[in-house]
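Values quoted throughout were computed directly from the atomic coordinates according to the rules given, and no laboratory measurement underlies them. These figures come from a predicted structure and were not determined experimentally. Here the Cβ is made from the backbone with ideal geometry for all residues, glycine too, and neighbour counts use every protein chain on show.
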Amino acid sequence: MEATTVSGARIGPARRSRGLFRDAWGRLRRNPPAMVGLFLIVSLVMLGVFADLIAPYDPLAGRLADRLQLPSAEHLMGTDLQGRDVFSRMLFGARVSLMAGVVAVAVGFLVGGCLGAIAGVFGGWLDPIIMRFMDTLLAVPSVLLAIGVVAWLGRGLGQVMLAVGITYTPVFARLLRGSILSLREIDYVIAARSAGASRMRILVRHMLPNALTPMIVQGTLSLGTAIVTVTALGFLGLGPPDPRTAEWGVMLTDSIRFLRIAPYLLFFPGAAIVLAVIGFNLLGDGVREALDPRQRR
Amino acid sequence: MVKYIVRRLVGAIPVLLGLSLMVFAFLHLLPGDPAVAILGEHATPAAMERLRETLGLNKPLSEQYLTYMGDLLRGDLGNSLVNDRPILKSFMEKFPATIELSVVAMLFAIIVGLPLGRLAASRPHSLTDGAVTVVSLLGVSIPVFVLGLLLQYFLSVQVQILPPSGRIDARLDFPQVTHFMLVDTILTGNLEAFLSALGHLVLPGIALGSIPMATIARITRASVLEVANDDHVRTARAKGLSEARVSKRHIMRNAWLPVITVIGLLTGYLLAGAVITETVFAWNGVGSWVVEAINNHDYVVVQSSILVFAVIFLTVNLIVDILYAVLDPRIRYS
């Protein structure tokens, strides 16, 4: 790799950006609420990843004889109407709900990022078309937009992730386009342009590394709401097509009819969703402060 | 000022056009054959042909779009595929329920959130501040359906002090004039019905209002703290003005602006949140209607609801922007 040497010190975008993130991690580590958030997220993700090993029962098959049992040593979180072990369903549900939230934000990040970059770099007639389209998406309240997309595409976990992802697309597109437009007039970009660098090279080497920070902050902050939207779709009956699927939102719907006799069916999935959202919110606030120390109060 | 309003109105036109294209595509470009998607694969060919005829699906797309736009401009949103009722009529009957719920939720959010934020900002980094921070973190982190179910469990199943669902006690019968329960019950002078309607609003109102409440508390705290450090506030204190006067005339007057913006943005949340809240509380408004329509494959209702919700959201934000310009003369002509 080619490296510029100035009095013995290597300088280049790769080295500098690693420095930024190491610096940010140092600040994040000294932020107790953010660490609590990280701990919550890592624990929930681990429980989901190792669900096969931890879960004492099959999450989909139950014994009718064991139905609606209170939490006990045998069934840590009790059993549901079909006699399925709630603890096992919670573990597999962590896998579905968390993954769907993360994939959804990734879809929004990538699609929105690409559209924002195209609008910002190439401009011309593409810019207003892309941005007015983004404004249109932004005008529809997010849950309703996601519901509409699921209704359009048909039910399925992939469709849910895509639908929720689409609701984030305009946010990321606007963010990246804005950063790129402001970076266009910055000295080092003008310098690169006058040195004859191609538009693609300027975008990838000079703009993106500097525009990434707000995108990462937005991404982390979006994860909490993405999980809420994903579970909300499950709750409304628009989630996974197989109604037996262990998903936190679906489990909440199943709990409604038994609030009186089996409130634990509501408490466990409800608490899991709230913990996941708190975790992502704490982490997101921490990441924002770590990456942009000026915002600290 | 007028110039600014006109420019904002003109700026909304491309978005409205985009919106009409999008909801048009929603129905007329359903993946596969729209008629099959709506009626299911086992429908008879004759039924499918009838549906194509009613929706104009057998005409060229451009003609379909022009017909759709023509209908929209005349205020015709089409008829429900399930019961053939005009959608606009059903909407007008159900929308008051959603407005009533959203207004109560927003009132709750402002009445609780604003003082909480000011309280936290009055003693930054104190125990009170910490408590408010925790409350607002919990508030933004509990999804409306989880909070709704918890409220139902604790306040209408465990302790039966509030009704769990519906808009009013089903035994009460009175004429619906405006479809706003609170207004209708007052018009008929039925105190029992009024109290029943009010009681039914408490739980869904809190459930829907909790996230806005927490958001308003956060923004108010941050905004007040920022203004409180400004030079003009120090000057006001140095002049010897009372703390109450400084707070009212010098801090809050400036701190209001971000709070108003966020209240406008939260309207979008209220509309989306109403879809879920109404489903939890069996609230007969537009939100539960949309969910019902999706389960019935009534795509015309879903299409129109998306359009109307978006138009309302755009309108509210336009009003907020204009209000902002009125309150802050600095941005008027920028």
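Rounded to whole Å, give me the distance from the Cα center of the stretch A:15-67 to that of the stretch A:149-210.
One Cα centre to the other: 28 Å.
Which FRET efficiency, nearest 0.05, do A:Val42 and B:Ala131 yield, Cβ-Cβ r, R0 30 Å?
My answer for the efficiency is 0.65.
Based on the mean of other Cβ atoms within 10 Å per residue, sort peptides B:220-230, B:263-273 so the most packed one is first.
B:263-273, B:220-230
Mind checking which lysines have their C-alpha under 21 Å from B:Lys248, skipping anything on the same chain fewer than 8 residues away?
List returned: B:Lys239.
Positive end of the charge dipole of the stretch B:1-158 (Lys, Arg +1 and Asp, Glu -1 on Cβ, about the Cα centre): tell me which of B:Pro143, B:Ile13, B:Tyr153 has its Cα farthest that way.
B:Ile13
By the scheme Lys and Arg +1, Asp and Glu -1, what is the net charge of all other residues having a beta-carbon under 13 Å from that of B:Leu137?
Combined, the nearby Lys, Arg, Asp and Glu give 0.
To the nearest whole number, what is the average tally of beta carbon atoms from other chains within 10 Å of the beta carbons of peptide B:131-139?
So the per-residue partner count for this stretch is 1.
If you take each beta carbon of peptide A:145-154 and count the beta carbons of other chains within 10 angstrom, what is the mean?
Whole-number average of other-chain Cβ neighbours for A:145-154 is 6.
Compute the separation of the alpha-carbon centres of the stretch B:75-98 and the stretch B:162-208 and state it in Å as a whole number.
One Cα centre to the other: 22 Å.
Over what distance in Å are the Cα centres of the stretch A:215-248 and the stretch B:1-73 separated?
That distance is 28 Å.
Before rounding to the nearest 500, sum -39500 (n - 2.57) across all DSSP H runs of length at least 4 in chain A and divide by the residue total; then give [θ] at 222 nm in deg cm²/dmol.
-23000 deg cm²/dmol
Given the peptides B:286-296, B:29-39, arrange them by the average over their residues of other C-beta atoms within 10 Å, most packed first.
The most tightly packed comes first, giving B:286-296, B:29-39.
Among B:Val103, B:Thr277, B:Val227, whose Cα projects farthest towards the positive end of the dipole of the stretch B:92-327, with charges put on the beta-carbon of Lys, Arg (+1) and Asp, Glu (-1)?
Of the candidates, B:Val227 comes out farthest on the positive side.
So if R0 is 35 Å, what FRET efficiency would B:Asn58 and A:Leu110 give, r being the distance between their Cβ atoms, rounded to the nearest 0.05?
After rounding to 0.05, the efficiency reads 0.35.
Counting Lys and Arg as +1 and Asp and Glu as -1, what is the net charge of the other residues whose Cβ lies under 11 Å from the Cβ of B:Ser122?
Within the 11 Å Cβ shell, the charges total +1.
Measuring from label point to label point, each 7 Å out along Cα→Cβ, what is the A:Leu126 to B:Leu17 span in nm?
2.1
For A:Asp292 and B:Ile5, what does the FRET efficiency come to when R0 = 35 Å and r is the distance between their Cβ atoms, rounded to the nearest 0.05?
Approximately 0.50, to the nearest 0.05.
State to the nearest 20 debye the size of the charge dipole of chain B about its Cα centre, where the only charges are +1 on K and R beta carbons and -1 on D and E beta carbons.
Around 1760 debye, computed over chain B.
Can you show me the helix-derived [θ] at 222 nm for chain B, built from DSSP H runs with n ≥ 4 at -39,500 (n - 2.57) apiece and divided by the number of residues, rounded to the nearest 500. Working shown, then result.
Working: 13 runs with 237 residues, N = 334.
It lands at -24000 deg cm²/dmol.
Taking the mean number of other Cβ atoms within 10 Å as a proxy for protection, how do you rank A:213-219, B:84-90, B:298-304 from highest to lowest?
Ranked from most to least packed, the peptides come out as B:298-304, A:213-219, B:84-90.
Which whole number gives the average count of other chain Cβ atoms within 10 Å of the Cβ atoms across peptide B:12-21? Please report the intermediate quantities before stating the final value.
On the way: counts 2, 1, 7, 8, 2, 2, 8, 5, 1, 2.
The per-residue average across the peptide is 4.
Would you mind checking which residues have amide H under 5 Å from B:Asn79's amide H? H placed 1.01 Å from N; only 5 or more apart, or other chain.
Amide H neighbours of B:Asn79: B:Ile87.
Where does helix B:127-141 land angle-wise versus the long Cα axis of chain B, in degrees 0 to 90, nearest 10?
So the inclination is approximately 10 degrees.
Over the stretch B:92-327, what is the relative contact order in percent, taking alpha-carbon pairs closer than 8 angstrom and at least six residues apart?
28
Which residues make up the longest stretch of chain A clear of GluC sites (Glu not before Pro) that lie in a DSSP loop with no more than 10 other Cβ atoms within 10 Å, not counting the sites?
Working: sites that count: A:Glu2, A:Glu185.
No qualifying site falls inside A:3-184, the longest such stretch.
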